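The numbers here are math on the coordinates, done by the rules we state, and not lab data. Predicted model, so just to flag it, every value in this text is computed and none were measured. Heads up, the Cβs are rebuilt from the backbone with ideal geometry, glycines too, and the neighbour counts pull from every protein chain shown.
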Amino acid sequence: MIPPHILKAICRNGTPEQRDWALATLSLDATLRLARAEATASRAPARRSDPLAARRPGALERTILDAGGRSSVDGARVVREEGDPPSSEDVAVNEAYDGLGATHTFWWEAYTRDSIDDRGMPLTGVVHFGSRYDNAFWDGRRMVFGDGDGDLFNRFTIAVDIIGHELAHGVTEDEAALRYTGQSGALNESVSDVFGSLVKQHALGQTADQADWLIGAGLLTSRVKGRALRSMIEPGTAYDDPVLGKDPQPATMDGYVTTAADNGGVHVNSGIPNRAFALAATELGGLAWERAGRAWYDALRSPDLRQTAGFSAFARLTLAAAEALDGRTGPVRRAVAGGWDAVGVRT
Amino acid sequence: MSRFDVSLRRSGGVAGTTLEARASVDLPEHEERAWLAMSGAGGGEPEGPDRFSYEVELAREGERHRVVLGETEVTDDLRPLIDRLLETARSR
């Protein structure tokens, strides 16, 4: 019997015939596991949280809760569950539901990853968190969205790449647990921007040259002089506003910011690996999640990625992943090496 | 009621934008007690991805208190001052 992770690798990397075979084998495997689970369930009381209980791989299971403006998820009320029709009057509920769906679909279709933990973890989103709360975050179990203050920020469900960004924090935590400070923290942030952007590109069916490479377009109100929170392709150019100041992201290592704030500037220095990715992806062209994104995902899952990895260590793993895709002199490795070189990260 | 010169700096969050404000404020006694109890504290481990961090300085006649807080450490007694300074920071 072939282990599922090998089958998944074939699903990703095989010829079309090999992929069909591997997918069929995987679903047969799932059927066997299901049969076993059902046999167990007939002896024991069914548990809905049992990951083997009557679940199709890649199936979506979403729950949206409403925190009602409180700064706590305790007591939040369920407002929409999987398969429920859209909420008629609450746009945040529907955006969260759709954004979780787009993100789940991206991971499954692009990398056959079954939710955040690759074991079909149900997705929970909490909307209307806090009062005038300018943020969204992943709390280790669920996604939490604020409504924004209305002066600077709109509601945080408005941008699908932000939803993708938050869920990618869950994937990073599961695969690499990159420490959230300094360079490893900036990598953690960058990985979330990379896959957040890819969620959006996948949902829109965009190629690398069609993508805007912005993070959080639509999130800043019309009063703010800016296009988005960050630009992956031109870090430092997303906004320049009297209240928010100028986008502080550096585009290269020459501009690396040393600071105690923001856990050592994790949202600032992420601009450097962000640009390396955007350059590699646009150099390769086509659908960015297929080659550049694949190299980044494989690097993230590498057993050699340490929790305290810096930019160079991660860059070397993306090169190794690129080489595994199409060889030492292939276009992927060349584009990835070019991206890191352009931002001054030594490999 | 006691008057303080207060400065606030909010960093972090998924937006990664910094908001700063300064104001002279009268703190109710229970808020003052809560803030002074936090003096010099904080600045520990990150609370998790994309959470806010608040740097607050409170000063009056020769006294200076610096407090670094993660957003999960903001209690009901600390929140009003932070919210008030955030409103100041947002105004154009």
Spacing of the two label points (7 Å from each Cα toward its C-beta) at B:ARG60 and B:ASP5, in nm: 1.5
Cα point-scatterer Debye curve for the protein assembly as shown, base-10 log of I(q)/I(0) at q = 0.09, 0.10, 0.12 Å⁻¹: -0.60, -0.73, -1.02
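If the viscosity is 1.567 mPa s and the temperature 4 °C, what Stokes-Einstein diffusion coefficient in µm²/s follows for the stretch A:102-158 when Rh is the Kirkwood radius over Cα pairs?
In µm²/s, the coefficient is 104.
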FRET efficiency estimate (nearest 0.05) - Cβ-Cβ, A:ARG119 to A:ALA320, R0 30 angstrom: 0.70
Cα centroid separation - the stretch B:1-63 against the stretch A:255-270, whole Å: 20
Rg to Rh, two decimals, where the stretch A:50-161 supplies the alpha carbon set and Rh follows Kirkwood: 0.98
Check: chain B dipole with +1 on Lys, Arg Cβ and -1 on Asp, Glu Cβ, in debye: 360
Sequence-distant residues sharing a close amide H with A:ARG230 (under 5 Å, placed H): A:ILE215
A:GLU234-A:SER222 pseudo-label distance in nm [points 7 Å out on the Cα-to-Cβ vector]: 2.4
Antiparallel content of DSSP bridges confined to the protein assembly as shown, in %, to 5: 85
Cα gyration tensor, the stretch A:70-112 - rounded (a/c under 1.5), prolate or oblate: prolate
log₁₀ of I(q)/I(0) at q = 0.18, 0.19, 0.21, 0.23 Å⁻¹ - chain B, Debye sum with one point per alpha carbon: -0.77, -0.86, -1.05, -1.25
B:ARG84/A:ALA59 FRET efficiency (R0 45 Å; Cβ-Cβ; nearest 0.05): 0.45
Inter-chain Cβ neighbour average for residues A:262-272, partner chain, 10 Å: 4
Residue-count net charge about A:ALA320 - beta-carbon cut-off 15 Å; Lys, Arg +1, Asp, Glu -1: +4
Nearest-0.05 FRET efficiency for A:LEU204 and A:THR252, computed from C-beta distance (R0 25 Å): 0.30
Inter-site label distance for B:ARG33 and A:SER131 at 7 Å from Cα along Cβ, in nm: 2.2
